[in-house]
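Notes follow once the structure below has been shown.
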């Protein structure tokens, strides 16, 4: 009996383990992958939906809307009135056109002269600056809308007011961009703003700025050629930009209207007074030359109050002009995510239960198969089979001489069965099990006839 048990265990753990039919675990690979993806997506949506449902009980949007509405009330009561009661003027201080008499070319007579227009820089304290006239700024009440993809519930309206200087630059400008350095070669432009409020006059000097320049962009050679005109300098891609406008915030102080004392005085999220664009001012024409071929008279200058509700909204929303979702929108979005997450998790739970059940069933089946006290079925053999090298026959669990091991070095045997084979342990004196139609006419060694092992 011990020899029979050792032989059976050897067959199950050794080279003949392929004789035992079992489910290929590699077939579970794609199914496990889909189950894992569904679990990740479903659990993410589930927890995100729970978070949105949780924050719907607290109106975080109100915390941003309240200071915005307070700024609107202060704007309507005080700051807008101060802006209306003031007068604003502007002028282009530098450069200024100057008619200059120059000699003609070498091919002309020696006494020939001609008049050319040149642009010269002017200082604010010079006599030429006193002769430059001031121009009135226009009042613009066009409202600045908030983000359209949000609910306007609880947000107050206000009357907008800003001051605009139309045509702050001449139509044509002399100069060009140096291709080697990417900097503007020509005159820098200087603007001045004069305000009068309650008999107090103040003048604001805007920092000189260039008309065009190069700006470095992150792009390889191909993308630089396709999207940015192919301006590659020392392996770095550059893009041409031209001035699009000037915007500045001001506040009413004891010294009149002045820029904010702390921080930049620009109107945009970047805090820049001068805004550049990759197209000509007032149009969508792309910049294709280093020379100023655009109509720069379309560029304007804008003045805004520091307490303008639009500026307050930019500060509260980090430049997005969106105050977020309402509690009801958070609740609806959370419920939608919860439903979708639960739907994605539906196949996961039954699949996991089925996987655990199959593993337990396989384990129980292996434990039952290793019970040598259980009567085992007889193997079925095919005359054209291959692979086995030895066979245990006629085990005697009640004692005796034990099992017989027959070596078959030149005989190929293959199990042709849909269940796991079990070697026959026929007790002496018991009738032999009948043969099936498949193995009829063959003995245990696969030979024709009824002779047993010699």
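Summary of values
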read-out	value
Within the range 182-193, considering residues that are in a strand (DSSP E or B), touching a residue at least 60 places away in the same chain (Cβ under 8 Å) and under 42 Å from the mean Cα position of the chain (by Cα), the one farthest from residue 253 (Cα to Cα)	189
Exclusive hit being surrounded by fewer than 10 Cβ atoms within 10 Å (Cβ to Cβ), modelled with pLDDT under 85 and touching a strand residue (DSSP E or B) at 6+ places or on another chain (Cβ under 8 Å), set 114, 99	99
Residue check for residue 229: part of a loop (DSSP other than H, G, I, E, B), surrounded by 14 or more Cβ atoms within 10 Å (Cβ to Cβ), in contact with a strand residue (DSSP E or B) (Cβ under 8 Å, 6 or more places away or on another chain) and modelled with pLDDT under 80	yes
Lone qualifier among 23, 32 - being in a helix (DSSP H, G or I), in contact with a helix residue (DSSP H, G or I) (Cβ under 9 Å, 6 or more places away or on another chain) and modelled with pLDDT under 90	32
Residue 181 being out of contact with any helix residue (DSSP H, G or I) (no Cβ under 8 Å at 6 or more places or on another chain), over 18 Å from residue 307 (Cα atoms) and modelled with pLDDT of 90 or more	no
Subset tally (residues that are part of a loop (DSSP other than H, G, I, E, B) and surrounded by fewer than 14 Cβ atoms within 10 Å (Cβ to Cβ)) for the range 197-225	4
In the range 48-59, the residues that are in a helix (DSSP H, G or I) and under 8 Å from residue 327 (Cα atoms)	55
Condition check for residue 266: part of a loop (DSSP other than H, G, I, E, B), touching a helix residue (DSSP H, G or I) at 6+ places or on another chain (Cβ under 7 Å) and either closer than 27 Å to residue 198 by Cα or free of Cβ contacts under 8 Å to residues at least 40 places away in the same chain (or both)	no
Some residue of the range 69-83 being within 23 Å of residue 157 (Cβ to Cβ), outside any helix (DSSP H, G or I) and in contact (Cβ under 8 Å) with a residue 40 or more places away in the chain	no
So residue 90, is it closer than 21 Å to residue 322 by Cβ, touching a residue at least 12 places away in the same chain (Cβ under 8 Å) and buried (at least 19 other Cβ atoms within 10 Å of the Cβ)	no
Yes/no for residue 164 being farther than 29 Å from residue 80 by Cβ and out of contact with any helix residue (DSSP H, G or I) (no Cβ under 8 Å at 6 or more places or on another chain)	no
Total residues in the range 69-85, condition under 24 Å from residue 192 (Cβ atoms) and crowded, with 18+ Cβ neighbours inside 10 Å	2
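One line per residue, one yes/no per condition, for (1) part of a strand (DSSP E or B); (2) on the phi > 0 side of the Ramachandran plot; (3) buried (at least 17 other Cβ atoms within 10 Å of the Cβ):
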site: 124; (1), (2), (3): no, no, no
site: 128; (1), (2), (3): no, no, no
site: 139; (1), (2), (3): yes, no, no
site: 146; (1), (2), (3): no, no, yes
site: 159; (1), (2), (3): no, no, no
site: 167; (1), (2), (3): no, yes, no
site: 171; (1), (2), (3): no, no, no
site: 195; (1), (2), (3): yes, no, yes
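The values are calculated or read from the model by the stated rules, or taken from the named source; none is laboratory data. Remember, predicted model here, so these are calculated numbers, not experimental data. In this analysis, Cβ positions are derived from the backbone assuming ideal geometry, glycine residues included, and neighbour counts consider all displayed protein chains.
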